[in-house]
Amino acid sequence: MKFSRKSIVTLTLASILMVSLVGCGSKGSVSTSSSKGVVNLTMWVHETDSPEGKLYKQRVADFNKVNKGKINVKLTAIPRTGDASGYDDKVNAAVTTNGLPDVLTCDGPTVAAEADAGILAPIDSYVNKSDLKDFNPDIIKQGTYNGKLYGLGAMDSSVVIYYNKAMFAAAGITAPTDLKSAWTWDQLESNAKKLTTAKVFGINMSLNSGGEWNTYAFLPFVQSNGGQIISNDGKSSTGYINSNKTVQAVSYIKKLVDEKVVSKTPIDNSFELGKAAMTLTGTWEQAALAKYPNLKYGIMPYPVSSTNAKAVSPCGSWGFYMTKNTASDKQKAAVDLIKFMTNTQSCIDMYKANGMPPARKTSLSKIKDFQSLPLKIVSEQLQKTATPRPLTPDYPVLSDGFSKAIANAISGQNPKASLDSAAKQIDTQLGNR
């Protein structure tokens, strides 16, 4: 199955433009109207008629019912194009005209840019710290910038390795069943070779997806190897994105391609069709697998570096955030809305709607699927190894450079040269910020 853009944002030109536009908006606050003591709020969401979009509408209706006579929310669902630019364009325009809603949805990697530009308003003073402990740690991290919390999410994401049980049995391979026994890069390579035949690739990595998938899925290889792709202060990528540790990680991915155990251009549903013995992908794969009931599969943890052996896994997704346009006398009501949209039941309902893992521990504990294998591994990763993408306002620039470096490397360019080029490109753009 190809990389799902419904769950992880594709950072295209529209997203990059947003980073440059955000500083231009007015810092003033616009209050929505109140009548007869009712606080009227506006909220924008990024899904329309999908199951997820329908859930937003239902939960807002439930919130309005619970708060009848006190708070009323007007929901606007904005259609998204394939790369989400429709929603982004609407937000960009609202920034420049000071027409933002009180609450909106945005994806994890964009939070730092929007918070840095003053688009978002912190919610720390309205949330209970004990309640925050119930969220997956990465959800709190992705919503936090410069020590301030700006929002919360109802859903999370993770990447694991799905494997074909019949092919594993035929090759005499035993799959790991917990995080402690996760395969190292060497073990993954060795077993992928055993599973590769003239008609079957050892593993599919969706290398034809490119874009944000490359950063989301493969940055943990760098992090597991002890590296990073930008300095802690977010001011430089040179010496980080092109460090030896990053080069080793990208070289490993290129090696799998060169050894022909992974395809650069896999067909759709290659795993489900028996054209790949394993697939490195997100939990959205469950939707595709449901269409192949005769396929017996299992799930393994994300692989770890053979030399550093630090367990790291992808994570993060869309959440709810309060904007600068929320008048001070309406902020508590806006955060009450965010809390409702991310409470235990909302997280459970979100999983039922789109298959994304819940953002709360209590929700995970109430869903039977996550209490046993194979999805138990997803739950464990979200609590122990999930690591958000870099929390920097310049994330779109950083991600674009890293993604292109991976694409260039698997297409034949020397990994060090591709990463050196990325470092130069990124730092040039950081210097112009």
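The values are calculated or read from the model by the stated rules, or taken from the named source; none is laboratory data. Keep in mind that what you see is a predicted model, and the values were worked out from it rather than measured. Quick reminder, even Gly has a Cβ in these numbers, built from the backbone with ideal geometry, and neighbours come from all protein chains shown. Please note that ligands, DNA and RNA were not included when accessible areas were found on the heavy atoms of the full protein model with its side chains. Shrake-Rupley method; radii C 1.70, N 1.55, O 1.52, S 1.80 Å.
I'd like to check something: does region 250-260 contain any residue that is buried (at least 20 other Cβ atoms within 10 Å of the Cβ), at negative phi and of a type in the set (Gly, Ala, Ser)?
No, region 250-260 contains no residue that is buried (at least 20 other Cβ atoms within 10 Å of the Cβ), at negative phi and of a type in the set (Gly, Ala, Ser).
Is it the case, given these coordinates, that Ser190 is assigned to a loop (DSSP other than H, G, I, E, B) and either out of contact with any helix residue (DSSP H, G or I) (no Cβ under 9 Å at 6 or more places or on another chain) or over 24 Å from Asp138 (Cα atoms) (or both)?
no
What do you reckon, is Ala113 at pLDDT below 95 and crowded, with 21+ Cβ neighbours inside 10 Å?
Yes: the conditions hold for Ala113.
Cβ-Cβ distance below 9 Å, separation of 6 or more or different chains: which pairs start in region 197-208 with a residue that is aromatic (Phe, Trp, Tyr) and end on one that is open to solvent by less than 20 Å² (accessible area, probe 1.4 Å) and not in a loop (DSSP other than H, G, I, E, B)?
Phe201/Ala192; Phe201/Leu195; Phe201/Ala276; Phe201/Met278
May I ask you to list the residues in region 161-176 that are polar (S, T, N, Q) and either part of a helix (DSSP H, G or I) or open to solvent by less than 20 Å² (accessible area, probe 1.4 Å) (or both)? Spell out how you get there, then give the answer.
In the first step, residues of region 161-176 are kept if they are polar (S, T, N, Q); the result is 164, 174.
The one that is polar (S, T, N, Q) and either part of a helix (DSSP H, G or I) or open to solvent by less than 20 Å² (accessible area, probe 1.4 Å) (or both): Asn164.
I need a count of the residues in region 283-304 that are modelled with pLDDT under 95 and within 30 Å of Asp420 (Cα to Cα).
0
Which is hydroxyl-bearing (Ser, Thr, Tyr) and touching a helix residue (DSSP H, G or I) at 6+ places or on another chain (Cβ under 8 Å), of Ser206, Ser243, Ser231?
Criteria check complete, one pass: Ser206.
Are any residues in region 83-110 in contact (Cβ under 8 Å) with a residue 40 or more places away in the chain, among the aliphatic types (A, V, I, L, M) and open to solvent by 10 Å² or more (accessible area, probe 1.4 Å), and if so, which ones?
Matches in region 83-110: Leu100 only.
Just give me the residues in region 276-296 being touching a residue at least 60 places away in the same chain (Cβ under 8 Å), part of a loop (DSSP other than H, G, I, E, B) and not hydrophobic (A, V, I, L, M, F, W, C), in sequence order. Working first, answer last.
First pass over region 276-296, keeping only residues touching a residue at least 60 places away in the same chain (Cβ under 8 Å): 276-289, 295-296.
Subsequent filtering for residues that are part of a loop (DSSP other than H, G, I, E, B) retains 277, 283-284, 295-296.
Listed by number, the residues that qualify are Thr283, Lys296.
Confirm whether Ile299 is β-branched (Val, Ile, Thr), in a loop (DSSP other than H, G, I, E, B) and closer than 30 Å to Tyr351 by Cβ. Before the answer, list the steps.
Details: β-branched (Val, Ile, Thr): yes; in a loop (DSSP other than H, G, I, E, B): no; closer than 30 Å to Tyr351 by Cβ: yes.
Against the criterion (β-branched (Val, Ile, Thr), in a loop (DSSP other than H, G, I, E, B) and closer than 30 Å to Tyr351 by Cβ), Ile299 does not qualify.
Across region 64-87, what is the number of residues that are of a type outside the set (Lys, Arg), at pLDDT below 95 and in a loop (DSSP other than H, G, I, E, B)?
6
Could you check region 340-433 for helices (runs of 4 or more DSSP H) lying wholly inside it with 3 or more residues that are open to solvent by less than 60 Å² (accessible area, probe 1.4 Å) and under 26 Å from Ala288 (Cβ atoms)?
Output list reads 344-354, 376-384, 395-410.
Looking at region 214-236, can you tell me whether even one residue there is open to solvent by less than 10 Å² (accessible area, probe 1.4 Å) and in contact with an Asp or Glu (Cβ under 7 Å, 6 or more places away or on another chain)?
no
Out of all the residues in region 218-262, which are in a loop (DSSP other than H, G, I, E, B), within 24 Å of Leu195 (Cα to Cα) and of a type in the set (Val, Ile, Thr)?
Residues satisfying the conditions are Val261, Val262.
The conditions are (1) open to solvent by 20 Å² or more (accessible area, probe 1.4 Å); (2) touching a residue at least 40 places away in the same chain (Cβ under 8 Å); (3) in a loop (DSSP other than H, G, I, E, B), and Phe271 fails exactly one of them. Which is it?
(1)
Looking only at region 41-63, filter to residues that are in a helix (DSSP H, G or I) and out of contact with any Leu (no Cβ under 9 Å at 6 or more places or on another chain); which one of those is most open to solvent (accessible area, probe 1.4 Å)?
Ranking the qualifying residues of region 41-63, first place goes to Lys54.
Let me confirm something: among Ile426, Ile410, which residue is closer than 19 Å to Gly234 by Cβ and either in contact with a strand residue (DSSP E or B) (Cβ under 8 Å, 6 or more places away or on another chain) or modelled with pLDDT of 95 or more (or both)? Give the steps one after another, and end with the answer.
Values: Ile410 fails: closer than 19 Å to Gly234 by Cβ.
That would be Ile426, the only listed residue that is closer than 19 Å to Gly234 by Cβ and either in contact with a strand residue (DSSP E or B) (Cβ under 8 Å, 6 or more places away or on another chain) or modelled with pLDDT of 95 or more (or both).
Search region 294-339 for residues being among the charged types (D, E, K, R) and under 25 Å from the mean Cα position of the chain (by Cα), and hand back the single one that is least open to solvent (accessible area, probe 1.4 Å).
The selected residue is Lys324.
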